[in-house]
Number of protein chains: 2
Amino acid sequence: MKQYLTVDEWSIIEEGFHPHYNQISESVFSLGNGRMGQRANFEEAFTGETLQGNYVAGVYYPDKTRVGWWKNGYPEYFAKVLNAANWIGIDVKVAGETLDLNQSEVLDFRRELNMREGWLERTFTAQLASGKQVRVASKRFTSIVDDEVGAIRYSITPLNFSGTLTLTPYVDADIMNADSNYDEKFWNEVLQDAQANEGYVIAETKKTFFHVCTGQKFVVTQNGQEIQVDATPEERTKFIASTFKVAVQEGQEIVLYKYAANISSENHPKEALIENTKKVLVSAVGKGFEQMLQEQAAAWAAKWEESDIMIEGDATAQQGIRFNIFQLNQTYTGEDERLNIGPKGFTGEKYGGTTYWDTEAYCLPFYLATADPQVARNLLVYRYKHLQKAIENAEKLGFTGGAALYPMVTINGEECHNEWEITFEEIHRNGAIAHAIYDYIRYTGDDSYLAEYGLEVLVGISRFWAQRVNWSAAKNQYVMLGVTGPNEYENNVNNNWYTSTIATWTLEYTLKALQHVQSTDAARYQELVQKMNLNVEEETGKWQHVIDNMYYAEDQELGIFLQQDGFLDKEQTLVKDLPAEDRPLNQKWSWDRILRSVFIKQADVLQGIYLFEDRYDLDTIRRNYDFYEPRTVHESSLSPCVHAILAAKLGDEERAYEFYLRTARLDLDDYNNDTEDGCHITSMAGTWMSVVQGFGGMRVRDNQLHFNPFIPSGWTSYSFKIRFCGHLLNIKVTKESVTIENQAEKAIKLNVFDQPQTIEANSKGEFAHQLV
Amino acid sequence: MKQYLTVDEWSIIEEGFHPHYNQISESVFSLGNGRMGQRANFEEAFTGETLQGNYVAGVYYPDKTRVGWWKNGYPEYFAKVLNAANWIGIDVKVAGETLDLNQSEVLDFRRELNMREGWLERTFTAQLASGKQVRVASKRFTSIVDDEVGAIRYSITPLNFSGTLTLTPYVDADIMNADSNYDEKFWNEVLQDAQANEGYVIAETKKTFFHVCTGQKFVVTQNGQEIQVDATPEERTKFIASTFKVAVQEGQEIVLYKYAANISSENHPKEALIENTKKVLVSAVGKGFEQMLQEQAAAWAAKWEESDIMIEGDATAQQGIRFNIFQLNQTYTGEDERLNIGPKGFTGEKYGGTTYWDTEAYCLPFYLATADPQVARNLLVYRYKHLQKAIENAEKLGFTGGAALYPMVTINGEECHNEWEITFEEIHRNGAIAHAIYDYIRYTGDDSYLAEYGLEVLVGISRFWAQRVNWSAAKNQYVMLGVTGPNEYENNVNNNWYTSTIATWTLEYTLKALQHVQSTDAARYQELVQKMNLNVEEETGKWQHVIDNMYYAEDQELGIFLQQDGFLDKEQTLVKDLPAEDRPLNQKWSWDRILRSVFIKQADVLQGIYLFEDRYDLDTIRRNYDFYEPRTVHESSLSPCVHAILAAKLGDEERAYEFYLRTARLDLDDYNNDTEDGCHITSMAGTWMSVVQGFGGMRVRDNQLHFNPFIPSGWTSYSFKIRFCGHLLNIKVTKESVTIENQAEKAIKLNVFDQPQTIEANSKGEFAHQLV
């Protein structure tokens, strides 16, 4: 845990230079706009510890996989988002001496990520080896208005000398992914074109043949006046630069405005890349840095208007939750159904920028509540577009007849992951993808989605479940053998309760969905039945038979669902009895020891209870929570949020808050010593869930919103905004009451503390806390 | 399956050149002497498909491992036997034109591995591109008398021209392992020294710093007369050569006698390597090729005298079983306790030349029966010397107090394998190592081994088992969770019956062994108790408690032992119902599908019944056999032998013979399409077991031999020799009777067809077959 960042409600601030935390800061201070993302690397040269990173959404490379022992069915490639051209680069020479903070004395240093307006600023004074001092102020952003453009204002002022500054803004596409499996570069040269004040590099990904054109254009001012510089262009393989010199007086400020664009063949014809890059840059230069920055601030203000959570009385918590919301909004904007949410977003390379079940299980609720329904819908359409690949994936594993198994890890719909116990067995992901369709429809009311896209996905997944179970003659029931549940500290277990539960839930929901489409759009239903080659009677009959005859692991005596068969054969020790030096288990214990133990990585049975809580009475929930939580080590950042929500439901406000704290500042405080790899983007959505569903007690039930809020004892108030079926609500919780403001033009019926309420259009309702 | 080799009772013969099978032939025709082994590569240049291979026993390299996803507890290195200097190389130029069978027309070609005398001969006539024809006869062996020496007689005769032959005998140590994980070379240069008629290369293994000196010395004759040649020496990195020219007339034979030595720092001081290599070579040249060859033939005759199996009436079977015995004797001679038996011996690189449980479970019975007890004993001492490493290995996994887990794969006692389900979970190997001690003692009568070495190993392993089980409050018994049994088509199962059974067997045997040592050598007992820090009362009390309260998976209704908990939940299909195109499963099915299925890779429950058959009545054995065999796909070459033995015991002679056939000619017929990687050395011992224990019905029970032989219907007779407790017996089985010849100087009591018999010294007993 590192607490070197300043607490501020709207900004992340580093005061003073922390070179050893630089890679952490590079992750935390990352900028992104859904289309591209840039780690907080320095513009000028830096020979210290750094992971240079610019990631362009949708541009990936199938890196040859690395395995120890090959298993039949493994994919040969791991698709990963590429580290792309460095577009921020500006080499600076001070009277011939390279400016490099690793070689200079840093007299002062400040870095700020302004979340309210969406920009990064860095100011410092450096004394070079020669004794010359310069003051630098660099401000930049990746525009969410012009989402292919990034802009930098780089200001440099000599403090104790007059002399020549040499500046070289450049674009370098000769980049290697830090996580390249065989230390190979993934980019081939296409062309480079350097002019006096602009330049362009097109590089091509090997194998996938994406073209990305990265261009730069710049303007220079001296003492606030634009000056013409006589820049010398330079071209090398996958590299362009323009170098110019300016004579400056002590105290005179030189500002380089660098505009850069990353334009990919995903969105433009290859032959028009240069031309379109030029257009985009001409337009950016035309607007100018300051206007772009104003537009950026306005666009972010609109985002905050929809998605902010305000916490009074706890600035640390305020900063934490805003950081999470900011990063989620930087990562995914929902404008492009081909894109998704990598566990690290654009802040690092780990996990390859690929899609996991995190998206459906954790991220979807955030985007559903805080953005236009189209945003969440595109996350669903992403999976719809991958349905054929999921069917092929299942075929590889021996399934037939249109059964679909979505990959554990993917960019383009193909499986990337090679661990048999995960790739082949952690199949509950299929359930999360089905459940996301249900969640989307109940939250938005958009049930036309079923006929358009959803039903096909549901049928593919249901076909998979129906084949994946087998009839046990011994039990006279269906069983589900050889699975890995959400708790990845168990592998290849039989009858994981969560997986079996979400499997039969999928079958039930698919049957309902079929009926719904049949009854609302008979023609489309017929069309789909034909398209899917669905033998309605036989297949739905089998599904119903599975639903009716499924075996679920349970223990009657304890009154709990069993995580899997044989769970009670384990030595029943508790987390509180673990020696501190044994934690975290995944670093201290061998894998077999972890597997044999009762200890649970993340919510598993409780994940199911969270998803389907309306099926269970409070006592059942409590018995399971009381059994499983003390055995859970929460060694996944996705674990605490579910526990926070259940603890809140069970009235344990203290523990709910404790769980919330575990992830709220995970990256800001580098809790797990791994933020240098990138931020935990998907778990940030879990933190949001802890507040809204945990503290706010928000649920959707019978097509209505329900709130059962409490307020953590250290807070004065908190408020959050949500959309729901076309409404926009602002919920504020104080010590005394809950105020719900309906900002929409129509009344809403909802439930507060289990009492039905109606709030008229553009009005508020205030409700006192209930004494428990 | 490929049947391109000629059937012959004593030789393996390839008539005609089969370039596409060349890598298979290179494996099959391999030579070895326990100290070094050489694939059947050509001496002269060959640009066709080849895997050049010379392997020097005990010289290994810890190659950096390759894994997909790291698990805590994995070793970082995979130790592998190195591909060492090419000592056979002789470049040949015919009037300036390189002799290369891949570039020549091969007019005739014959290759013979003479197993009776232990040599390899290759003769061919080649027509070069120029039209020149040469006749070549090359004969070579790796001496089992002078086990650091190999000798070659390379004869070349121009058939249709007179001219100059240029010959370049060389040593090339600039070799790369084909299985190098990162395409790295494992050898560093030390020195090279080339003289006119001799030369030496010393190369050093990276990291392990073994030095190996490979030297050559040669003599040339023309028309049978030794001639002096004016050879030009050449030295390059890790390479020496001497080149000379001879003018030859059409029909004149030039013979190059090349003597080579591989001498390693495992057996010689580094500073004396050159000197000792020279000595060895001077001695070899002194003896001369022909005398060395005679000594070789005599030494092999002695080996055959002890270990031959003769089959009359089936030359194919005769060749097959001799090939197996020959390869086993080429691989391991038992002279060096630091050496062991790699699954491929010296015939290829796959599995890294490392030691598996194959040694104890399959190879030990062969060496026990066919060689001096010292040979088998050294296999045991090998493990004794690794006890400390096994304790450290267990500590890495969280075990304490001297618990020992022997590695799954090793050369030097350290674990090499990185698959969690194998490395950490296939722990039954520990039981096989304990059982080998029991097997050795009951077979040789050498119970002093316990006090000397055995007890410490048994205690280490018992301590492991006692910690590896845990008390199940649910079952009120001890359970063994998270294991992989011998059937590797199941991973991470609970209560694998075989593992639990061999675990408690180990505890029982260790308790007996403690009592035995205490009662026979109280002083040594005290010494060992102290050395092992054994808390006798507490530890043996715990062991007894585990023995008394162990849970074993069983099904009362079917009357069978259950391979593991939940086995009957699987879909109970049989191998006979599998479509042919689905076989072998390990190539056709995804791993999860294999895991979920009932299908068994190799004997698992039946392995336990084989080892402990005296515990079970015939009905129990039959019920288990009848249940498990039809579910077994025998996709390990180690599987059929156990089934052959059990089928024989159950009176199913036809199936016993069928199982025998599956492995008897596995490599000769390249049954599994993988002989090019090397021969299946350890499974060859299983074939021997099929004959001796299966057909011969040989058992040791109550310190006596038992025989219940039958003869496969197609055979006229078969006979095998075995040692037992200082006796030497020759057992011959014909259609009519069994004749047992006692070749020792003392009488032996034994049992034939369950009747006690005494056979006097140097006499025979003949016993008619029993009608069943």
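With the biggest extent put first, the Cα atoms of the range A:717-768 measure 29, 20, 16 Å across the principal axes.
The calculated FRET efficiency for B:Glu395 paired with B:Val67, based on their beta-carbon distance and R0 = 25 Å, is about 0.70. Measuring from each Cβ of chain A to the axis that turns chain A onto chain B, the shortest distance belongs to A:Asn492, 2 (residue, then whole Å).
If r is the Cβ-Cβ distance from B:Asp174 to B:Leu578 and R0 is 41 Å, what FRET efficiency results, to the nearest 0.05? Efficiency, from the Cβ-Cβ distance: 0.30. For the protein assembly as shown, the convex hull drawn through the C-alpha positions has a volume of 220 cubic angstrom per residue. Put the Cα centre of the range B:464-481 next to the Cα centre of the range B:153-214 and the gap is 56 Å.
What separates the A:Glu189 label point from its copies, with the point 7 Å along Cα to Cβ, is 3.3 nm, written shortest first.
Counting other Cβ atoms within 10 Å, keep those with at most 15, restrict to DSSP loop, and tell me which GluC sites (Glu not before Pro) in the range B:158-266 are left. Show your work: numbers first, answer last.
Details: sites: B:Glu184, B:Glu189, B:Glu198, B:Glu204, B:Glu226, B:Glu234, B:Glu235, B:Glu250, B:Glu253, B:Glu266; in loops: B:Glu184, B:Glu250, B:Glu253, B:Glu266.
Listed in order of number, the matching sites are B:Glu184, B:Glu250, B:Glu253.
Here the range A:717-768 exposes an accessible surface that is 45 percent carbon and sulfur, computed with a 1.4 Å probe and the other protein chains kept in place.
With protein chains left intact and a 1.4 Å probe, residues in the range B:32-305 average 36 Å² of accessible area per residue. Centroid-to-centroid, using Cα positions, the range B:391-436 and the range B:535-583 are 21 Å apart.
When the range B:32-305 is described by a simple charge dipole with +1 on each Lys and Arg Cβ and -1 on each Asp and Glu Cβ, the residue from B:Leu82, B:Ala95, B:Thr157 located farthest towards its positive end is B:Leu82.
Roughly how tilted is helix B:497-520, in degrees to the nearest 10 and between 0 and 90, from the longest Cα axis of chain B? With rounding to tens, the tilt is 90 degrees.
So what does log10 I(q)/I(0) come out to for the range A:183-315 at q = 0.19 Å⁻¹, using the Debye formula with one equal point on every Cα and no solvent? Results for the range A:183-315 at q = 0.19 Å⁻¹ read -1.07.
Projecting the Cα atoms of B:Trp187, B:His211, B:Trp304 onto the charge dipole of the range B:32-305 (Cβ charges, centred on the Cα centre) puts B:Trp304 farthest toward the positive pole. Dipole magnitude for the protein assembly as shown: computed about the Cα centre from +1 point charges on Lys and Arg Cβ and -1 point charges on Asp and Glu Cβ, it is near 300 debye.
From the largest down, chain A spans 87, 58, 57 angstrom on the principal axes of its Cα atoms. For chain B, the longest principal axis of the alpha carbon atoms and the long axis of helix B:315-331 meet at an angle near 90°. At a threshold of 50 Å², the residues of the range A:37-79 that become less accessible to a 1.4 Å probe in the full protein assembly than in their chain on its own are A:Arg66, A:Trp69, A:Lys71, A:Asn72.
Charges only on Cβ, +1 for Lys and Arg, -1 for Asp and Glu: so what's the dipole of the range A:717-768 about the Cα centre, in debye to the nearest 20?
160 debye
Let's test the formula: R0 of 22 Å, r as the Cβ-Cβ distance of A:Ala474 and B:Lys475. What FRET efficiency results, to the nearest 0.05? Here the calculated transfer efficiency is 0.80.
Calculate the length of the line joining the C-alpha centroid of the range B:587-633 to that of the range B:278-333, in whole Å. Cα centroid to Cα centroid, the span is 37 Å. Inter-copy label distances at A:Tyr616, shortest first and taken from points set 7 Å along Cα to Cβ: 4.2 nm. In a simple Cβ point-charge model (Lys, Arg +1; Asp, Glu -1; nothing else charged), the range B:6-65 has a dipole of about 440 debye relative to its Cα centre.
Distances between copies at B:Leu578, taken between label points 7 Å from Cα along the C-beta direction, are 4.0 nm in increasing order.
With the solvent-accessible surface defined on protein heavy atoms using a 1.4 Å probe, which residues belonging to the range B:585-599 display a reduction of at least 30 Å² in accessible area in the multichain context relative to the isolated chain? Buried by 30 Å² or more upon assembly, which counts only protein chains, are B:Ser590, B:Trp591, B:Asp592, B:Arg593, B:Leu595, B:Arg596. Using the rule -39500 (n - 2.57) for each DSSP H run of four or more residues, divided by the residues of chain B, the 222 nm mean residue ellipticity is -9000 deg cm²/dmol.
Derived from the Cα gyration tensor, the three semi-axes of the equivalent ellipsoid of the range B:660-765 are 30, 15, 12 Å, largest first.
Quick one, what does Rg over Rh come out to for the range A:32-305 if you take C-alpha atoms and the Kirkwood Rh? Answer for the range A:32-305: 0.99. Taking every protein chain into account, the accessible area of the range B:384-495 amounts to 23 square angstrom per residue (probe 1.4 Å). Just to confirm the number: angle between the C-alpha axis of helix A:536-548 and the first principal axis of chain A, 0 to 90 degrees, nearest 10? Rounded to the nearest ten degrees, it is 80.
The values are calculated or read from the model by the stated rules, or taken from the named source; none is laboratory data. Just so it is clear, the model here is predicted, and its values are computed rather than measured. Positions of Cβ are generated from backbone atoms using ideal geometry, with glycine treated the same way; all protein chains shown enter the neighbour counts. Only protein heavy atoms, including side chains, enter the accessible area calculation; ligands, DNA and RNA are left aside. Shrake-Rupley method; radii C 1.70, N 1.55, O 1.52, S 1.80 Å.
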